[in-house]
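These notes concern the structure reproduced below.
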Amino acid sequence: MRATLERASPARIARRPTRPQLIKVGITTVLLLFAFFALPELLSLYYVDTMTQVAVYSIVTLALGLLVGRVGLYSLGQAAVLAIGAWAAARLLFATTQPYPLVLLEAGLITMLAGLLIGLPALRLRGLYLALITLMLAGSITVVLATVNFPNGGHGFLGYNGGLLHIPPIRRPSIAASDPAYFRYSMVVAVLMFALVLAHIKTRPGRAWAAIRQSEPAALAAGINIWFYKLWAFALASFITGVAGGVLAGAIHYLYSINFPTQDSITLLAVTLMGGVFSLWGAVVAALLYQFLPALLNNWGVSADWLIILFGVGVLQVLTTAPAGLADQVPRDLARLGRFLGRRLRRRPGGDAE
Amino acid sequence: MPPWVDFEPFIVSGLALGGVYALSGVGLVVLYRATGVLYLAFGAVGALGALIAWSLITRAGAPGWAGWLACVAVAGAVTLAYGLLFGPALARRDPLIKAVATIGLTLILYGVMDLLWTTSGGQARSLTLPTDNGGFTVAQIQVTWTQVIALAAGVVLTVGTGAFLRLTKLGTAMRAMANDRDITATLGVPVRKVEAAAWLGCGILGGIAGLLLADLVALDATTLTFLVISSLAAVLIARLRSITVTFVAAIVIGLLHDLLTPIASLTSYRDMTPFVIAAIGLLVLSRHQVMTQSREEA
């Protein structure tokens, strides 16, 4: 299995980065700078909003990819976790005048607490049972949210007032009130979350997770506290998903419980698997699949149902033939194509006609 | 607390709902035991069958029985086709991966259904069985034949499947495969054929459940597709193993769900019933876990 070939990144002796590593860092920096400075200028407002969603959902798929790819925990309740984060952020934004970054942090921490409360008992289960219990919990959260509703500026603990005629929008940070500015803001948050996850993967927790994913008994024998590191992964994933929920609240201004149906959790797992769970790029690809493609199809007047069908086919394809997803497959196929074309071009001048 | 009279009608509807959950649960358990696949597309194939039946009956003017037969046949055929195509490819993978793969099928079917039977138009479809009209009264509670059929189907299929697994050759082969696929194959059991039979049986049950739920709950792709999550609760409590426990859990879930309806403070939370019961059941049952390396891990 390719999955097991993933580097476990042993504590490496400090050495100079290799050439491929430098190229990778270079490409990433250029892409990020392009997205930050040029993208909002080039795109229409419709696509700027879409790209904000992509930034938000890349954090969500990052969290899910972390659980699935690094630790081997399949969660079918990620959309519900996102809803908790969005709820907490919206409540805080209506109730207080705290600066936005602080609210994001608090929303993340609240979601983390909720995630821990769920994770503490659920992590006694493994594999299929854990996946199904997350699905059950997501179902419960959806039902609760449908009843208590999202805060809309009302009073009380729940902050919902069904009789409100003029619902105030959820506020944005003052430095990012316009849509392009908010896109840049979301991007910065997303980059920070990616950096947080990368820092985990490259250090002790990442190595523990890799060991757990390959074999729990072996990890246990190696003296790794399986339960603790699984809970850590759960907490980290909940935290960053909660932050994403906070960004989402500001992005769409109004939150409704029908925006977070249980089936979204299932679709999220599908796109995360398609994007690729063994690389951080996979999360970006997954978010593009999940948010950019529907916007594109919508613009072209094509039904989004085709996309659902595509996701279904994608899941089957990933599970049967390409476990590392698009983030791995596309560069490899491109490299293969490049080599093929290179050989062809070199052969041409020699007058080799087949 | 409302008076008892308010609860009475919900006992009947709860038992009917529990019967369908039991029927679905038994189908899921048998397939899981025989092939190791938890079939998450169970609701989706039922929904597809029910929608095709609806089209045949209301659009093409086909007689009722033809529509119902088509529903069961389509559900069985789709399930069998999936099992034949992807069963062997994923046979040696973890049960988790096999279950996630059926999510792929669920999404494909859901997309197709939403495309062909669009819900945005707003017109509500309904599939009513002729058994809705007839019925009888027990202690002043109106009971329709459909409700009787739903509960009876649950009971009959649980007992029937139990007997089938115990008494027939095919059933014995399925139980053997549940224990160890490789040894069963070595003993000369045609593993692929037995698996195919399990897939077909599960699909047919999916079709029957889809037909009954379309009548009892709603004929809507989203509802029917994701209603499987509720049946899963019963299966989970039975730890994907015992059909008797599945049956009992399904009846309890169906009953509790409907009995919460008249209680004003809880009525909007009643859809949580299966999830809460499953969560509590699983957590209590998993207290003493043993770490295993086997593929049959639970």
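Might you let me know whether the range A:246-268 holds any residue that is within 11 Å of the chain's Cα centre (by Cα), under 23 Å from B:Ala41 (Cβ atoms) and at pLDDT 90 or above?
Yes, that holds for at least one residue.
State whether one or more residues within the range B:16-30 are in contact with a Phe, Trp or Tyr (Cβ under 8 Å, 6 or more places away or on another chain), within 20 Å of B:Ala233 (Cα to Cα), in contact (Cβ under 8 Å) with a residue 12 or more places away in the chain and among the β-branched types (Val, Ile, Thr).
yes
Select from the range B:262-278 the residues that are more than 8 Å from every other protein chain (Cβ to nearest Cβ), outside any loop (DSSP other than H, G, I, E, B) and more than 20 Å from B:Ile237 (Cα to Cα) and list them in ascending order.
Result: B:Thr267, single match.
Looking at (1) within 14 Å of chain A (Cβ to nearest Cβ); (2) small (Gly, Ala, Ser); (3) under 17 Å from B:Ala218 (Cβ atoms), which is the one condition that is false for B:Ala53?
All conditions pass for B:Ala53, except number (1).
Could you give me the residue pairs with C-beta distances under 8 Å whose first residue belongs to the range A:150-171 and is farther than 20 Å from A:Gly85 by Cβ and at pLDDT below 70, whose second residue is aromatic (Phe, Trp, Tyr) and outside any loop (DSSP other than H, G, I, E, B) wherever it lies, and which are 6+ apart or on separate chains?
As it stands, the answer is none, since no pair meets every condition given.
Per-residue answers, yes or no, for (1) of a type in the set (Ser, Thr, Tyr); (2) crowded, with 20+ Cβ neighbours inside 10 Å; (3) part of a helix (DSSP H, G or I):
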{"site": "A:Ala237", "(1), (2), (3)": "no, yes, yes"}
{"site": "A:Gly250", "(1), (2), (3)": "no, yes, yes"}
{"site": "A:Gln263", "(1), (2), (3)": "no, no, yes"}
{"site": "A:Thr267", "(1), (2), (3)": "yes, yes, yes"}
{"site": "A:Ala270", "(1), (2), (3)": "no, yes, yes"}
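For (1) within 12 Å of chain A (Cβ to nearest Cβ); (2) of a type in the set (D, E, K, R); (3) farther than 22 Å from A:Leu76 by Cβ, each residue gets a yes or a no:
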| position | (1), (2), (3) |
| --- | --- |
| B:Val191 | no, no, yes |
| B:Gly207 | no, no, yes |
| B:Asp220 | no, yes, no |
| B:Leu236 | yes, no, no |
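Could you say which residue among B:Ala77, B:Ala47 is within 26 Å of B:Leu129 (Cα to Cα), within 22 Å of the chain's Cα centre (by Cα), at pLDDT 90 or above and surrounded by fewer than 22 Cβ atoms within 10 Å (Cβ to Cβ)?
After ruling out the rest, the residue left standing is B:Ala77.
Yes/no matrix, rows are residues, columns are (1) surrounded by fewer than 15 Cβ atoms within 10 Å (Cβ to Cβ); (2) within 14 Å of chain B (Cβ to nearest Cβ); (3) within 18 Å of the chain's Cα centre (by Cα); (4) of a type in the set (Val, Ile, Thr):
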| residue | (1), (2), (3), (4) |
| --- | --- |
| A:Gly139 | no, yes, no, no |
| A:Val143 | no, yes, no, yes |
| A:Ala190 | no, no, yes, no |
| A:Glu216 | no, yes, no, no |
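Is at least one residue of the range A:169-184 touching a His at 6+ places or on another chain (Cβ under 6 Å), more than 14 Å from chain B (Cβ to nearest Cβ), surrounded by 20 or more Cβ atoms within 10 Å (Cβ to Cβ) and not in a helix (DSSP H, G or I)?
Yes, the range A:169-184 contains a residue that is touching a His at 6+ places or on another chain (Cβ under 6 Å), more than 14 Å from chain B (Cβ to nearest Cβ), surrounded by 20 or more Cβ atoms within 10 Å (Cβ to Cβ) and not in a helix (DSSP H, G or I).
Tell me which residues, restricted to the range A:113-124, are more than 14 Å from every other protein chain (Cβ to nearest Cβ) and surrounded by fewer than 24 Cβ atoms within 10 Å (Cβ to Cβ).
A:Leu113, A:Ala114, A:Leu116
Can you find a residue in the range A:284-299 that is away from chain B (no Cβ under 14 Å) and surrounded by fewer than 16 Cβ atoms within 10 Å (Cβ to Cβ)?
yes
Among the listed residues B:Leu232, B:Leu259, identify the single one that is of a type in the set (A, V, I, L, M, F, W, C) and away from chain A (no Cβ under 14 Å).
B:Leu259
I'd like to know if the range A:272-280 contains one or more residues that are among the aromatic types (Phe, Trp, Tyr), more than 14 Å from chain B (Cβ to nearest Cβ) and either over 25 Å from B:Leu227 (Cβ atoms) or touching a strand residue (DSSP E or B) at 6+ places or on another chain (Cβ under 6 Å) (or both).
yes
B:Leu200: away from chain A (no Cβ under 14 Å), within 19 Å of B:Ala44 (Cβ to Cβ) and over 15 Å from the mean Cα position of the chain (by Cα), yes or no?
no
May I ask you to verify whether B:Ala173 is under 19 Å from the mean Cα position of the chain (by Cα), surrounded by 15 or more Cβ atoms within 10 Å (Cβ to Cβ) and over 30 Å from B:Ile11 (Cβ atoms)?
Taking the combined requirement at face value, the residue does not satisfy it.
Name the single residue that is farthest from B:Val112 (Cα to Cα) among those in the range B:26-44 being of a type in the set (Ser, Thr, Tyr) and crowded, with 24+ Cβ neighbours inside 10 Å.
B:Thr35
The values are calculated or read from the model by the stated rules, or taken from the named source; none is laboratory data. These figures come from a predicted structure and were not determined experimentally. Positions of Cβ are generated from backbone atoms using ideal geometry, with glycine treated the same way; all protein chains shown enter the neighbour counts.
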